[in-house]
Every structure is written in structure tokens, then in C-alpha cells.
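Okay, structure first, notes after.
Read-outs throughout are calculated quantities, based only on the coordinates presented, and are distinct from any laboratory measurement. Just so you know, these numbers come straight off a predicted model, no measurement behind them. Cβ sites come from the backbone with ideal geometry, for glycine too, and all protein chains shown count toward neighbours.
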């Protein structure tokens, strides 16, 4: 019987999923903390329960965190989908570890740099994450085509 826990590609993918989900959850929680700090919300029921101001327009601090979160979602979900196909296509472990570690580091740096407004780190980390995704995509295509 095959145990996934003995498969280095699967283990690295599982760790990647946990790290990237933590990244998203931290941004999610930070947006709530920022709303609490600024004391504004677009939801009337939240004003009734927690107080603060009802506003249709997000404050710059909240908007920045929400943009960082949206950007993370837009890049993490495709990467995780490609990573799963890579695992199922039995790609080499060394490449998987390199792709997954590079992308995780790039996304964490990008999230921090986005929230803190740090350039050029935001752009560099975004480019590294994007390039890693495209390389993974090409490798997945290669694995699937040579298997056909």
C-alpha cells in the first residue's frame, strides 16, 4: 500500500498548502483588525453590534489590506491547482521543493511588502511568484504531454 506521507512531492505540496492558507488567513484577520482599529465598516449590522462608522468607501489602510488579500488569492489559487496537478503527474521532488518553496517565500514577502507599502520588494516578490507559476505551468504541461 502506498503511503502519501512517504512521497516528498506530496509532503512539500501539503506544507505549501498550509503555508499559503496561513498567508491568506493572516491577511483576512488583519483586514478585520484594521477595520476594528479604524472603526469603520460597510455593513449596518456590524455598526449595530460593534459600533463605529458606516461607510461605503474603505479607508486607505483597509483598502490596502483588502488589495493585498485579493492579490494573494488571485495568485495562490492557480498555483495550488497547478501544484496539485504536478503532484498527480509525479513530477520530480527536487523541482517540486524548489517551486513550492520559492513561491511560498515570494508570496509571504509580497503580502508583507504590499501591506507595508515597500517598493521595490512588492514588485520583485510579485515577479518571482509569477515567474515561478509560469515555470511550474510549463513543467506540468511537459509532464502531461510526455505521459500521453
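Given the criteria part of a helix (DSSP H, G or I) and within 14 Å of residue 75 (Cα to Cα), does residue 126 qualify? Yes. Taking the condition of being closer than 30 Å to residue 97 by Cβ and exposed (fewer than 14 other Cβ atoms within 10 Å of the Cβ), how many residues in region 19-38 meet it? Total meeting the criteria: 4.
Go through 84, 143 for me and flag whichever is in a helix (DSSP H, G or I), more than 19 Å from the chain's Cα centre (by Cα) and touching a residue at least 12 places away in the same chain (Cβ under 8 Å).
Within the list 84, 143, the selection yields 143.
Cβ-Cβ contacts under 9 Å between residues 6 or more apart (or on different chains), taken from a first residue in region 35-63 that is without any contact (Cβ under 8 Å) to a residue 60 or more places away in the chain and at positive phi to a second residue that is buried (at least 16 other Cβ atoms within 10 Å of the Cβ) and assigned to a helix (DSSP H, G or I), are listed as 52/35; 52/38.
Scanning region 39-74 for residues that are more than 25 Å from the chain's Cα centre (by Cα) and in a helix (DSSP H, G or I), we see that the one that is surrounded by the most Cβ atoms within 10 Å (Cβ to Cβ) is 47. Once region 92-118 is narrowed to residues that are within 16 Å of residue 139 (Cα to Cα) and crowded, with 20+ Cβ neighbours inside 10 Å, the residue that is nearest to the chain's Cα centre (by Cα) is 103.
Check whether at least one residue in region 119-128 is touching a residue at least 24 places away in the same chain (Cβ under 8 Å) and surrounded by fewer than 17 Cβ atoms within 10 Å (Cβ to Cβ), and report yes or no. Within region 119-128 (the criterion being touching a residue at least 24 places away in the same chain (Cβ under 8 Å) and surrounded by fewer than 17 Cβ atoms within 10 Å (Cβ to Cβ)), the answer is no, since none of the residues qualifies. In this structure, does residue 146 turn out to be surrounded by 15 or more Cβ atoms within 10 Å (Cβ to Cβ) and closer than 29 Å to residue 4 by Cβ? Against the criterion (surrounded by 15 or more Cβ atoms within 10 Å (Cβ to Cβ) and closer than 29 Å to residue 4 by Cβ), residue 146 does not qualify.
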